[in-house]
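Derivation of every value follows stated rules applied to the coordinates shown; laboratory data play no part. All values reported here derive from a predicted model rather than from experimental measurement. Positions of Cβ are generated from backbone atoms using ideal geometry, with glycine treated the same way; all protein chains shown enter the neighbour counts.
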Amino acid sequence: MTKYLLSVIYILILITMYSCEDVVDIELDTFEENLVVDAWINDLPGDKTIVLSQTANYFESARTPKLSDASVIVTRNATTDLVFESVGEGRYVYNGEIGNPGDSYELNIDLGGQQYCATSEMKRVPTVDSIDVEFLENELIIADGLYTQFFARDFDGIGDAYWIKTFKNGVFRDNPREMNIVFDAGFDAGTGIDGIIFIPPIRELMNPVDDEFLPIPWEVGEMVKVEIHSITKDAFQWMEIARDQMLNGDNSIFALPVTNTRGNISNCDSENLALGFFNVAAVSSREKQIE
């Protein structure tokens, strides 16, 4: 009898809860669309690409609109125009020499009569001296196997910043958790680490990781490649914020409100900013087959 009464009470509770459910439609504010500029170019051979798109409503399921009817020009040292030609899907391409460390650049975009601009400087980049492969066993939290690290020395003088990219079998590892940005030879500007070989956590972040962010060993025959891209101080700060935004979901109840990351691109005709960033990088690289 007790079991029967409990079942009836449970069913009545469910019916009551269901009958109290109301659908609430929330009217959200709409905002004017913003230009988004993906302008991370470098001195590697081949095409240099700038991508223009437009922001969309947060709950829109469609792809963000691509903008292919703009004029995009990068001027080097105030004398040489590098014209980026539209190839569709919001992509603008230039194939040619981009310049050398120390050169200054100005990005100019004409989109429907609106002028957008930004400036950057190609910073110096250290040489990747070597890639080391070592067999590790009986470690506390990682599996036995082959692991890699690269060696490069930061320049003397505070203020150099880098974006270190790793490729596995030719594929760029673009997981936000693996974003490896460096200030001088450390992780941020406050460390005061300068003019030394990059510290171990930085040079060991070239190993692939699993869902728990634990290193995964390499297999014999695989190809590993590391690139060091020089970036400006402003670019470093922008990437720090962007990384925190992309990983915000990992913070559970401590997650911060999501907001657009402000870059260095402005509307030359007003005080309104576009989104995205313009940086011109010098690149050094090295690759190695795992043996």
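A few points about this structure:
- Subtracting the Cα-Cα distance of ASN272 and LYS233 from their residue separation scaled by 0.36 nm leaves 11.8 nm.
- Full-extension gain in nm, GLU287 to PHE135, via 0.36 nm per residue minus C-alpha separation: 52.9 nm
- Region 154-211, relative contact order in percent, only Cα pairs under 8 angstrom and at least six apart counted: 38 percent
- C-alpha center-to-center spacing [region 178-224, region 120-151] in angstrom: 7 Å
- Annotation note: trypsin sites (Lys or Arg not before Pro) in region 143-208 located in DSSP loop regions with a Cβ neighbour count of at most 16 within 10 Å are absent.
- For region 196-236, the ratio of Cα radius of gyration to the globular rule of thumb 2.2 N^0.38 Å stands at 1.47.
- Distance between the 7 Å Cα→Cβ label points at ASP211 and PHE167: 2.9 nm.
- DSSP bridge orientation in the chain - percent antiparallel, rounded to nearest 5: 90 percent
- Dimensions (Å) - the chain, Cα atoms, principal axes, largest first: 88, 62, 37
- Counting every C-alpha pair in region 35-121, the share spaced more than 17 angstrom apart comes to 49%.
- Sparse packing (at most 11 other Cβ atoms within 10 Å of the Cβ) combined with a DSSP loop state is found for the following trypsin sites (Lys or Arg not before Pro) in region 40-85: ARG63.
- The chain - mean residue ellipticity at 222 nm from DSSP helices (-39,500 (n - 2.57) per run, n ≥ 4, rounded to 500): -4000 deg cm²/dmol
- Of the residues LEU273, LEU140, LEU52, the one with the fewest other Cβ atoms within 10 Å heads the list, and the complete ranking is LEU140, LEU273, LEU52.
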